[in-house]
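Below is one structure, written out as structure tokens, with a few remarks after it.
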Amino acid sequence: QMRHLPLHLSLVVLVHSDTACERSPDACEPVILVPGVMGSRLRQHTRVPGALQTSSSHLWLPESHRLLARSALSSRSGVLGGLYRSWVKSLDPRGGSRWSVVEPDRANWGVKGVACILKAGRECVSTAKVFWDMIVALEKAGYRAGSNLFGVPYDWRLPPPENKL
């Protein structure tokens, strides 16, 4: 029965928080959103040896995931097949270089990392919404990230003892 408790609490908050948050933001009970496996957006931070700047990009899912998926289906060889194999290999938590760090997107108190795993511009791709709609509804009800709304993105590629929350 315990495994159903977090979802049940989230639904109760959505139903009952609307008027309480509008009357007084302090009346909103904190909500902590914990995604399932593969539900956290991962970012890869890379530094070129000798450089001070770090580049950052989404690792899961990259904006080019449609191209990569199509290339895997259409060709197991050639340039597109190589891109796909390279992307799949990049998801191996033990396969990174010492110049590259992969971690969950913890921006905005973790809310960004659990809201959506793939964006097209400023909008979340409909098939990649994790807690996007729930967060929008909670924000309309008066919840604010860092005050009473938090996300707990994690690196789902790693076993629980190796995750840094």
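The values are calculated or read from the model by the stated rules, or taken from the named source; none is laboratory data. Keep in mind the model is a prediction, meaning the values are calculated, not measured. For neighbour counting, all protein chains shown are included, and Cβ atoms are generated from backbone atoms with ideal geometry for every residue, glycine included. Accessible surface areas use protein heavy atoms only, side chains included; no ligands, DNA or RNA. Shrake-Rupley method; radii C 1.70, N 1.55, O 1.52, S 1.80 Å.
Within the range 98-119, does at least one residue satisfy the condition of being polar (S, T, N, Q), in contact with a strand residue (DSSP E or B) (Cβ under 6 Å, 6 or more places away or on another chain) and modelled with pLDDT under 85? Yes, because at least one residue in the range 98-119 is polar (S, T, N, Q), in contact with a strand residue (DSSP E or B) (Cβ under 6 Å, 6 or more places away or on another chain) and modelled with pLDDT under 85. Quick one: count up the residues across the range 118-137 that are open to solvent by 60 Å² or more (accessible area, probe 1.4 Å), in a helix (DSSP H, G or I) and not polar (S, T, N, Q). Residues that pass the stated criteria total 1.
Selection of the range 138-165 for residues being open to solvent by 50 Å² or more (accessible area, probe 1.4 Å) and hydrophobic (A, V, I, L, M, F, W, C) yields PHE150, LEU165. Among the residues making up the range 141-161, those that are out of contact with any Lys or Arg (no Cβ under 9 Å at 6 or more places or on another chain), in contact (Cβ under 8 Å) with a residue 12 or more places away in the chain and outside any loop (DSSP other than H, G, I, E, B) are LEU149, PHE150.
Among the residues of the range 131-144, those identified as over 16 Å from SER24 (Cα atoms) and out of contact with any Cys (no Cβ under 6 Å at 6 or more places or on another chain) are PHE131, ASP133, MET134, ILE135, VAL136, ALA137. The condition (being touching a Cys at 6+ places or on another chain (Cβ under 9 Å), closer than 23 Å to PRO160 by Cβ and either open to solvent by less than 50 Å² (accessible area, probe 1.4 Å) or at pLDDT below 85 (or both)) is satisfied by just one residue among ARG3, ARG41: ARG41.
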